[in-house]
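Chemist: Here it is, the structure, as structure tokens.
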Amino acid sequence: MTDQKIKVGVLFGGRSGEHEISLLSARSILSVMDPEKFDVIQIGITHDGSWLVGEDLLNQFSSEEKLNSLTTAMIFPDPERSGLYVIHPSEEGEIIKQLSRLDVVFPILHGTYGEDGTIQGLLELAEIAYVGAGVLGSSVGMDKGVFRDVMRANEIPQVETIIVTRNEVEQSMGDVIERAEALAPYPLFTKPANLGSSVGITKCVNRSDLMEGLLDAARYDRRLLVEKGINAREIEVSVLGNDDPIASVPGEVIPAADFYSYEAKYIDDRSELLIPAPVPFEVTQQVRNLAVRAYRAVDCAGMARVDFLLDKDSGELFLNEMNTIPGFTKISMYPKLWEASGLSYEELVTRLLELAIERRSERDRTEWRYQR
Ligand SMILES: Nc1ncnc2c1ncn2[C@@H]1O[C@H](COP(=O)(O)OP(=O)(O)O)[C@@H](O)[C@H]1O
Ligand SMILES: [Mg+2]
């Protein structure tokens, strides 16, 4: 019976620069969802932030053609009106109807308004189970500045960083340069605090690069980071779970450029993934332990891909960042590392949905009202 199947809303697209990557991830996820177990509803968010449902939605989102005969959809922040609603125009004004209940949502949205706690906040208010980290884990994972501070407080090794604001860059560039150059010799990296896919990141080898890098990063955020540049190997590991997270075998990225830039990630197909990462056993153990500690430190749930920089010169290992909604196509690092650890892509998707439902039940045990 249809009604006994789990109703899953797969949320894709979104307002961030990673909209297209989200569509690719969603396509892979949808292709493995067992129709015997799951009743799937596709929900697409346009670049402008409109929520839509309709026939053949993912294909419509993926083609260059104009979207047509789609219906506006919404989730109320009201648990009494839980589920997915649609809005139809009519002569008397708009008519709102419930389209379906939602047992769990898989927000496969990368970056701003997807991976940063905002959509998670809506789903919390609606009391709908969802895949991945909650509001706190998502937002701390997204903000590279706060993330470094939380990691340092937990004694998880971080590269040296300073945080500056856009105003400081615009009004006192000289002071910012002085602080940045006191951090470490060139190369330095400049980056916006809240973004992904290497957008706005520059490797600066001299002062003029640094000025350009700061101005470029300032296009994308109010807060920017300047970091000591590490001559690094890039090691990544997948973490899965709620209260008892586990780590996969680590992998290594060999970028097809001077660093793992936007071009090296998505355009130049010569970047390589090595699974497992050819590193000594102790490094593997250290990577897995640090990743799980970091995951717990930000109260992550569901999944995260945790990325490291391994200094080629000193052998030091730094935890660089945590991605709470990592790339999720069948050839992406996150699922590939699980496959190499014995969990297939399809099993992984099912496990994430189960973890989402378990986490919701755990939340439901909390008493919200004070009762004497
Ligand atoms: N401090 C650093 N030292 C050396 N390389 C860095 C440093 N910071 C970033 N990079 C390079 O830039 C890439 C993207 O930076 P990252 O902090 O991971 O941001 P994003 O969230 O955009 O992936 C990294 O994969 C790495 O290649
Ligand atoms: Mg990265």
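Chemist: Would you mind telling me the antiparallel percentage of the DSSP bridges in the chain, rounded to 5?
Modeler: Percent antiparallel among DSSP bridges in the chain is about 75.
Chemist: Please state the equivalent ellipsoid semi-axes for the stretch 251-336: what are the square roots of 5 times the Cα gyration tensor eigenvalues, largest first, in whole Å?
Modeler: Output for the stretch 251-336: semi-axes of 21, 18, 12 Å.
Chemist: If you take the Cα atoms of the stretch 71-137, find Rg, then find the Kirkwood Rh from the mean of 1/r over all pairs, what is Rg/Rh?
Modeler: With Rh from the inverse mean 1/r over Cα pairs, Rg/Rh is 1.03.
Chemist: In nm, to one decimal, how far is the modelled label at E346 from the one at K97, with both set 7 Å along Cα→Cβ?
Modeler: 3.5
Chemist: Report the full-extension gain for the segment E36 to Q285: residue separation times 0.36 nm, less the Cα-Cα distance, to one decimal in nm.
Modeler: Going from the current span to full extension adds 85.7 nm.
Chemist: Compute the semi-axes of the equivalent ellipsoid of the stretch 60-102, taking the square root of 5 times each eigenvalue of the Cα gyration tensor, and list them largest first in whole Å.
Modeler: Those come to 23, 16, 7 Å.
Chemist: Under the √(5λ) rule applied to the eigenvalues of the Cα gyration tensor, what semi-axes describe the equivalent ellipsoid of the stretch 207-364? Give them in Å, descending.
Modeler: They are 28, 19, 16 Å, listed largest first.
Chemist: For the stretch 84-225, what does the convex hull of the Cα positions come to per residue, in cubic angstrom?
Modeler: So the per-residue hull volume is 153 Å³.
Chemist: Now for a separate question. Give me the extension gain from L274 to E212: residue separation times 0.36 nm, minus the current Cα-Cα distance, reported in nm with one decimal.
Modeler: Roughly 19.0 nm would be gained on extension.
Chemist: Another question, if that's okay. Given the chain, report the % of alpha carbon pairs whose separation exceeds 39 Å.
Modeler: 19
Chemist: So, counting K/R as plus one and D/E as minus one, what does the shell of residues with Cβ under 15 Å around G14 add up to?
Modeler: That works out to -3.
Chemist: Right, here's the next one. Mind giving me the nanometre distance, one decimal, between the label points for E362 and E263, set 7 Å out from Cα along Cα→Cβ?
Modeler: It is 4.3 nm.
Chemist: Let me ask something additional. If R₀ is 30 angstrom, what is the calculated FRET efficiency for the pair E160 and E55, using the beta carbon separation as r and rounding to 0.05?
Modeler: Rounded to the nearest 0.05, the efficiency is 0.05.
Chemist: Can you count the Lys pairs in the chain whose Cα atoms are under 26 Å apart, with each pair 8 or more apart or on different chains?
Modeler: 29
Chemist: Let me ask something additional. Quick one: P(r) of the stretch 130-206 from all Cα-Cα pairs, 10 Å bins, percents rounded to integers, in order of increasing distance.
Modeler: 16, 43, 32, 8, 1
Chemist: The stretch 9-74: which GluC sites (Glu not before Pro) are DSSP loop and have at most 11 other beta-carbon atoms within 10 angstrom?
Modeler: Qualifying residues, ordered by number: E36, E55, E64, E65.
Chemist: Given a Förster distance of 35 Å, report the FRET efficiency between E170 and Y113 from their Cβ-Cβ distance, rounded to the nearest 0.05.
Modeler: That pair, E170 with Y113, gives E of 0.85.
Chemist: Cα-based Rg of the stretch 165-268 per 2.2 N^0.38 Å, rounded to two decimals?
Modeler: Compared with the compact-globule rule of thumb, the stretch 165-268 sits at 1.24.
Chemist: Using θ = phi - 60° and the Karplus relation 6.51 cos²θ - 1.76 cosθ + 1.60, list the HN-Hα couplings for the stretch 135-148 in order, rounded to whole Hz, with x at every Gly or Pro.
Modeler: 4, 5, x, 5, 6, 5, x, 7, 8, 4, x, 5, 4, 4
Chemist: Under the rule of at least 5 residues apart or a separate chain, name every residue whose amide H is placed under 5 Å from the amide H of L99.
Modeler: Amide H neighbours of L99: L84, Y85, V86.
Chemist: Here's a follow-up. If packing is taken as the average number of other Cβ atoms within 10 Å across a peptide's residues, how do 294-307, 112-125, 359-372, 341-354 rank, most packed first?
Modeler: The densest-packed peptide leads the list: 294-307, 112-125, 341-354, 359-372.
Chemist: Can I ask one more? What do you get for Rg/Rh of the stretch 187-237 when both radii come from the Cα atoms and Rh is the Kirkwood radius?
Modeler: Ratio value, two decimals: 0.99.
Chemist: Then there's this: Applying the Karplus parametrisation 6.51 cos²θ - 1.76 cosθ + 1.60 with θ = phi - 60° to the phi angles of the stretch 288-298, what ³J(HN,Hα) value in whole Hz is obtained for each residue in order, glycine and proline being reported as x?
Modeler: In residue order, the calculated couplings are 5, 5, 5, 5, 5, 5, 5, 4, 5, 4, 9 Hz.
Chemist: Using 0.36 nm per residue, how much length does the chain from R222 to S63 gain when fully extended, once their Cα-Cα distance is taken away?
Modeler: 53.9 nm
Throughout, read-outs are computed from the coordinates displayed, never taken from laboratory work. This one's a predicted model, so the numbers in the text were calculated from it and none came from an experiment. Quick reminder, even Gly has a Cβ in these numbers, built from the backbone with ideal geometry, and neighbours come from all protein chains shown.
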